[in-house]
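Chemist: Below is one structure. I have some questions about it.
Just so it is clear, none of the values below were taken in a lab; they were calculated from the coordinates. These figures come from a predicted structure and were not determined experimentally. In this analysis, Cβ positions are derived from the backbone assuming ideal geometry, glycine residues included, and neighbour counts consider all displayed protein chains.
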Amino acid sequence: MTQPQTQTLDQGTGPLRGVRVVEIAGIGPGPHAAMLLADLGADVIRVERPGGAMSVGARETDLLTRGRPSVAMNLKDPDAVATVLGLVERADVLIEGMRPGAAERLGLGPAECHGRNPRLVYGRMTGWGQGGPLATTAGHDMNYIGLSGTLHGLGQTASRPQFPSNLLGDFGGGSTYLVIGILAALLEARASGEGQVVDAAIVDGAAHLNAMLAGMIAGGGWREERGVNLLDGGMPFYDVYETADGRHMAVGPLEPKFYDALVDGLGLAGTLPDRYDLARHDELRDALAARFRARTQAEWSEVFDGTDACCTPVLPLTEAAEHPHLKARSTYVTRDGVLQPSPAPRFSRTAATLTTGPSVPGGDSRAALEAWGIDGVDALLESGAVVQV
């Protein structure tokens, strides 16, 4: 079918310029996936209920909603549903993060959307996936990484696992895999002329992230215990050490020549037990810990700056933004008074750039719908199917 022509609102410059995405607003990984696509240049329109989806803190600092206009719709109104389907006709991708069956009940499931646009890539973001005994039950990041076998080995405390906020599940196993799936399906659709559904489940993605450990367990190179393995703090030369000012250094010289650089920088050459002597690991760890406590983080950072010792400071986000390396790369930027990460990754020819900041729910309803070529916007606003703030 021939798709209706659209305009755009402040579309980015990245390699996805020209790709059109309809986002049915949710929380967590769905918005993060939409942000990633918008950062890379896609023209994303965010459809959310009047009042907006839940945000952590003020909406103007909810960076997961940056880079795309917000249209507020009452999706219980048939005219609003018809409007979303009109957007779908013009889109390449739809993203939704509701429980399985919810989109179908609204009349916005894959059958309805593919009926309007057979080339559409329909991205579904859930924790448990579209099928399986737990598919329709509630859960959050911790539940998904816990059940997937990923949380069990995290941390250095033998008595309990430690979880990395919601980075590993929501964004590592969730939105990242949704975006991978969407891009793969888009590429295939250009060849086949047919769209498809991308079932992105956090349990699946988190398990896939664990592929290396699965192989190491199978090969006998990893024990399913915390703090006893090569990369989980079990080795004294791959750990975090406290400095004199109560801060920390990340130490990770796995290779012998890098370890030698660490020992030289610490001024401990010729004084330490063999790092491969497991029986003396406690002695080695104590010696390293005592040495790191002798100087501040800033002092150790200066010692190891530019060396191959694999020894770097552990910085909070606001300080990380000021580190010379990250400043040189503009890894963080301040936009509209808000410190935030720049788009990633980077491209040699179609560089991605930040466009707009977070928009209030419904702040762009009229302009966005008109830019996408939707007719009868005035009537939709008058009926309450669409709300302009």
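Chemist: Per residue of segment 266-281, what does 6.51 cos²θ - 1.76 cosθ + 1.60 with θ = phi - 60° give for ³J(HN,Hα)? Whole Hz please, x for Gly and Pro, Karplus curve as stated.
Modeler: Values per residue, Gly and Pro as x: 6, x, 10, 4, x, 10, 9, x, 4, 5, 8, 8, 4, 5, 10, 5 Hz.
Chemist: Mind checking segment 303-389 for trypsin sites (Lys or Arg not before Pro) that DSSP puts in a loop (not H, G, I, E or B) and that have at most 12 other Cβ atoms within 10 Å?
Modeler: Counting only loop positions with at most 12 other Cβ atoms within 10 Å, the trypsin sites (Lys or Arg not before Pro) in segment 303-389 are ARG346, ARG349.
Chemist: Return the distance in nm (one decimal) between the two label points of a simple spin-label model at ARG59 and SER165, each offset 7 Å from Cα along Cα→Cβ.
Modeler: Reported label-point gap for ARG59 and SER165 is 2.3 nm.
Chemist: Sticking with this structure for a sec: Between ALA279 and LEU231, what FRET efficiency comes out of the Förster formula 1/(1 + (r/R0)^6) with R0 = 25 Å and r the beta carbon distance, rounded to 0.05?
Modeler: Calculated transfer efficiency: 0.75.
Chemist: Mind giving me the FRET efficiency for ASP260 and ALA294? R0 is 30 Å, r the Cβ-Cβ distance, nearest 0.05 is fine.
Modeler: 0.90
Chemist: Give me the mean projected area, in nm² to one decimal, of the convex hull enclosing the Cα positions of the chain.
Modeler: The directionally averaged projection comes out at 22.2 nm².
Chemist: Find out how many positive minus negative residues lie around ALA287, taking Lys and Arg as positive, Asp and Glu as negative, among other residues whose Cβ is under 15 Å from that of ALA287.
Modeler: -2
Chemist: For VAL333, enumerate residues with amide H under 5 Å from its amide H, sequence gap 5+ or separate chain, H modeled in the peptide plane.
Modeler: Excluding prolines and chain starts, which carry no amide H, the hits are GLN340, SER342.
Chemist: If you don't mind, another one. Given the rule -39500 (n - 2.57) for each run of at least 4 DSSP H residues, summed and divided by the residues of the chain, what is its mean residue ellipticity at 222 nm, to the nearest 500 deg cm²/dmol?
Modeler: Estimated from H runs of four or more residues: -9500 deg cm²/dmol.
Chemist: Now for a different question. Between ASP336, ASP77, ASP277, find the one with the highest GNM mean-square fluctuation for the chain; connect C-alpha pairs within less than 10 Å.
Modeler: Largest GNM mean-square fluctuation: ASP277.
Chemist: Quick one: if you stick a label point 7 Å off each Cα along the C-beta vector at ALA214 and LYS327, how many nm between them?
Modeler: Taking the two extended label points, one gets 4.4 nm.
Chemist: Among bridges DSSP assigns within the chain, what percent are antiparallel (round to 5)?
Modeler: Rounded to the nearest five, the antiparallel share is 40 percent.
Chemist: Using alpha-carbon positions, what is the distance between the centroids of segment 128-153 and segment 318-363, in Å?
Modeler: Taking the Cα centre of segment 318-363 as reference, the centre of segment 128-153 is 31 Å away.
Chemist: What's the local net charge at THR83, with K and R +1, D and E -1, over the other residues with C-beta under 10 Å away?
Modeler: Overall, the nearby charge balance is -3.
Chemist: I've got another one for you. With each pseudo-label sitting 7 Å past Cα toward Cβ, what's the ASP245-ARG17 distance in nm, one decimal?
Modeler: 4.4 nm
Chemist: Per residue Cα convex hull volume for segment 239-325, in cubic angstrom?
Modeler: Considering the Cα atoms of segment 239-325, their hull volume per residue is 93 Å³.
Chemist: At a 10 Å Cβ-Cβ cut-off, how would you order TYR144, TYR332, fewest neighbours first?
Modeler: Least to most surrounded, the residues fall as TYR332, TYR144.
Chemist: Further, regarding this structure: Counting other beta carbons within 10 Å of each Cβ, put CYS113, CYS310 in order, fewest first.
Modeler: CYS310, CYS113
Chemist: Give me the net charge of GLY173's neighbourhood, meaning all other residues with Cβ under 13 Å from the Cβ of GLY173; Lys, Arg count +1, Asp, Glu -1.
Modeler: Result for the neighbourhood of GLY173: -3.
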